[in-house]
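The values are calculated or read from the model by the stated rules, or taken from the named source; none is laboratory data. Fair warning: this is a prediction, and the values are worked out from it, not measured in the lab. FYI the Cβ positions are ideal-geometry reconstructions off the backbone, even for glycines, and counts take in every protein chain you see.
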Amino acid sequence: MFSIPVFLDSFYPLFLAARYTLLISVLGIALGLVIGTLICAARLSPYGPLRRFAAVWVSFLRGVPLLVQLLVFFYTLPVIGIDVPAIVAAVVTVGICASAYISEIWRGAIAALPRGQTEAAIAIGMGPRDVWTRVILPQAFTMSLPALINELILLVKASSLVSVVGIMEVTRASQAQAATTFRPLEVYIAAACIYLLINLCLAALGRYLEHRTAV
Amino acid sequence: MQAASVDIRKVNKFYGPFHALKDIDLAIQPGKVTCLIGPSGSGKSTLLRCINFLEEYDSGEIRIDGEMIGYDAPGRRMPGRKLRGMRRAIGMVFQQFNLWPHMTARENVAEGLIRVRGMSRAEAGERAAEALEKVGLGDKMANHPSRLSGGQQQRVAIARAIAMEPRVMLFDEPTSALDPELVGEVLNVMKALATEGMTMVVVTHEMGFAAHVADQVAFMEKGELVGVDSPARILHEPEDARIQAFLRTYHERNSF
C-alpha cells in the first residue's frame, strides 16, 4: 500500500539533492549560453573554417545522447590527466551539450529578424558592434526566450542523467532512498513531484520574463 | 551651375546576369527635391539604395558632395569606418519604417545620436524630443512602435533620420505601406522638410507629391533612366512613349 508518511519523509533528502539538480541545470545553461553564443557567432561568421567548425560542433553534440557524452567525457578526463570533481565534469558536459541547442535557437531568432532592422541601423552609420548589441541581440533574445526556457526545463530533466557519474542529485538520491527504505513507489513519486515543482517554477519565470519584455 | 549634392555617373548594377541599373546619370542639386518614379521592378529603389551604399553598384560612380561613396577608387572598397562616416550624412526612410520595436519612439531617435554621433544620453534625449516635436509627435515620445499607427511610425522614422542632421535624405516609397488615410500626414512632414531646403531623393508612387513638391522628376523603366525633367514636363507633356504609357495606366487606376 502507498504510505503517506514514507512519501512525505522522502522529500527532505530529495530537497537537499535538488540543490545539485538546480546547480547543474543553472550552471549548465549559463555555460551553454556563453558557448552557444560563441558557436552561433562562428556559424554566422564570414570565415569558412569557423563556420564549418561550428556546424560540426552542433551536429556532433546534437547527434550523440547526453548520457553517452557524459560517460565519454567522464572517462576521458583521467586518461588525459585532468583531475576534476565529478560535479565540474557534469556541469561542463551539460553546458557543452546545451550550447549546441542554444546556438541553433539564437541562429533561428537572428534569421527571423527582418532585414530592415539592421538596414536602418547601417543607414544611420552604426558599426557592426552597435548593430549587434543594440539592434539584433536584444530582439533575438526576446524572441528566443520561450525556446530558452524550454531548453532550461529540458536541462533540469536531463540533469537526472548525471546520476551515472555519482552525483547525488534528485534521481540518484531517490535511487539511494528507495534502496534503503524498500519503498520505491513513494520515493520515486516524491522525486517526480520535485522535478515537476522546479519546472513549474521555471515555466512561471519564463512567462514573467516574456510578459516583461513584450512590446 | 552649383556642384551637385548627389552626383550619379554611369552607374551599373547587376544581379547575376540581370542588368538592374543601366548607365544611370543623375545629378541631384542641393536643396532640391528629386522624385524617382516608374513601374515596380524598374530599379528606382535599387538606385536609391546605391546612394548610401546599402546596395553595391558595380561600375560608375556616385559622389556625395564630391566624395565617392563605397569605393576609394573604382573597384576598391572603402574601409567600413569611412563608409559609416559618409552614411551619417545621408538619412534614409524605408517603406516598412524599420523602427526598432524594443525601443520607444524617443529611444529610436536618440539611439543614432548616442552611438554614432557620440552624444550624451541627456543631450541625445533632448535632440530626439525636438525632432519628434517637429514631426508632430511630441506627445507620443514614450510609445513603443507597436503603440503607434503606421503614419506615426513613419514620422518617427523621419525624425530618426533628421535628428542626425543629414545633408541628403533618401525616401524609399515612404507611403506605400500606409493605409490611404494616413498618407497625408507623412507627405505633409516631407513637404515641410522640402520647404526648409532639405535635399531629398524620393522614390514614390504619389504622383501628386511629385507634381507639387518635386523640383525634378526622373522616370525609370527596366533599369534605364528614361527621362529627367521638371514635374510639368514629365507628368503633363511627356515625349517618351514609355512615360506616356505609365501615366496612362496610373490615371486609369486612379479614376473612378
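When every residue of the stretch A:163-174 is checked against the conditions, at least one turns out to be modelled with pLDDT under 90, within 21 Å of A:T93 (Cα to Cα) and touching an Asp or Glu at 6+ places or on another chain (Cβ under 8 Å). Among the numbered conditions (1) free of Cβ contacts under 8 Å to residues at least 40 places away in the same chain; (2) buried (at least 22 other Cβ atoms within 10 Å of the Cβ); (3) of a type in the set (G, A, S), the only one that A:S103 does not meet is (1).
Is one or more of the residues making up the stretch B:60-70 farther than 30 Å from B:E206 by Cβ and in contact with a helix residue (DSSP H, G or I) (Cβ under 8 Å, 6 or more places away or on another chain)? Yes, some residue in the stretch B:60-70 is farther than 30 Å from B:E206 by Cβ and in contact with a helix residue (DSSP H, G or I) (Cβ under 8 Å, 6 or more places away or on another chain). Identify the single condition in (1) surrounded by fewer than 22 Cβ atoms within 10 Å (Cβ to Cβ); (2) small (G, A, S); (3) touching a helix residue (DSSP H, G or I) at 6+ places or on another chain (Cβ under 8 Å) that A:A111 does not satisfy, given that it satisfies every other one. The failed condition is (3). Sub-9 Å Cβ pairs linking a first residue in the stretch A:190-215 that is modelled with pLDDT under 90 to a second residue that is part of a loop (DSSP other than H, G, I, E, B), at least 6 apart or interchain, are A:T213/B:H102; A:V215/B:P101; A:V215/B:H102; A:V215/B:M103; A:V215/B:H144, ordered by first then second residue. Within the stretch B:50-61, the set of residues being in contact with a Leu (Cβ under 9 Å, 6 or more places away or on another chain) and more than 14 Å from chain A (Cβ to nearest Cβ) comprises B:Y57, B:D58, B:G60. Somewhere in the stretch B:122-139, is a residue under 20 Å from the mean Cα position of the chain (by Cα) and of a type in the set (K, R)? Within the stretch B:122-139, one or more residues are under 20 Å from the mean Cα position of the chain (by Cα) and of a type in the set (K, R).
Per-residue answers, yes or no, for (1) over 18 Å from the mean Cα position of the chain (by Cα); (2) acidic (D, E):
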{"position": "B:L48", "(1), (2)": "no, no"}
{"position": "B:F53", "(1), (2)": "no, no"}
{"position": "B:E56", "(1), (2)": "no, yes"}
{"position": "B:I62", "(1), (2)": "no, no"}
{"position": "B:G66", "(1), (2)": "yes, no"}
{"position": "B:D72", "(1), (2)": "yes, yes"}
{"position": "B:G75", "(1), (2)": "yes, no"}
{"position": "B:K82", "(1), (2)": "yes, no"}
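Give the stretch B:91-112 a look and list any residue that's polar (S, T, N, Q) and assigned to a helix (DSSP H, G or I), or say none. If the condition is that a residue be polar (S, T, N, Q) and assigned to a helix (DSSP H, G or I), then B:N108 is the only one that fits. Surrounded by fewer than 22 Cβ atoms within 10 Å (Cβ to Cβ) and not in a strand (DSSP E or B): does that describe B:A4? Taking the combined requirement at face value, the residue satisfies it. For beta carbons closer than 8 Å, sequence separation of 6+ or different chains, a first residue in the stretch A:43-60 that is surrounded by 15 or more Cβ atoms within 10 Å (Cβ to Cβ) and a second that is acidic (D, E), the qualifying pairs are A:V58/A:E104.
The single condition from (1) assigned to a helix (DSSP H, G or I); (2) within 19 Å of A:M168 (Cβ to Cβ) that A:V84 fails is (1).
With respect to being surrounded by 15 or more Cβ atoms within 10 Å (Cβ to Cβ), touching a residue at least 12 places away in the same chain (Cβ under 8 Å) and either touching a strand residue (DSSP E or B) at 6+ places or on another chain (Cβ under 6 Å) or more than 29 Å from A:A90 (Cα to Cα) (or both), A:I136 fits the description. Please work out if B:R115 is within 11 Å of chain A (Cβ to nearest Cβ), free of Cβ contacts under 8 Å to residues at least 24 places away in the same chain and either surrounded by 14 or more Cβ atoms within 10 Å (Cβ to Cβ) or not acidic (D, E) (or both). Yes, satisfied.
So that you can scan it fast, the table gives a plain yes or no per residue for (1) in a helix (DSSP H, G or I); (2) in contact with a Lys or Arg (Cβ under 8 Å, 6 or more places away or on another chain); (3) farther than 30 Å from B:P101 by Cα:
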site	(1), (2), (3)
A:T21	yes, no, yes
A:S25	yes, no, yes
A:A30	yes, no, no
A:A55	yes, yes, yes
A:F73	yes, no, yes
A:L77	yes, no, yes
A:A90	yes, no, yes
A:C97	yes, no, yes
A:I102	yes, no, no
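Pairs meeting the criteria (first residue in the stretch B:42-63 and free of Cβ contacts under 8 Å to residues at least 60 places away in the same chain, second residue in a helix (DSSP H, G or I) and not hydroxyl-bearing (S, T, Y), beta carbons under 7 Å, at least 6 apart or on different chains) are B:F53/B:L83; B:L54/A:E119; B:L54/A:I122; B:L54/A:A123; B:E55/B:R49; B:Y57/B:C50; B:I62/B:C50; B:I62/B:I51.
The criterion of at least 2 residues that are at pLDDT 95 or above is met by the following helices (runs of 4 or more DSSP H) wholly inside the stretch B:122-215: B:150-162, B:180-195. Taking the stretch B:166-181 as the range and being within 12 Å of another protein chain (Cβ to nearest Cβ) and among the charged types (D, E, K, R) as the test, only B:D172 passes.
Among the residues of the stretch B:65-104, the ones that are away from chain A (no Cβ under 13 Å), touching a residue at least 60 places away in the same chain (Cβ under 8 Å) and in contact with a Ser or Thr (Cβ under 8 Å, 6 or more places away or on another chain) come to 1 in all.
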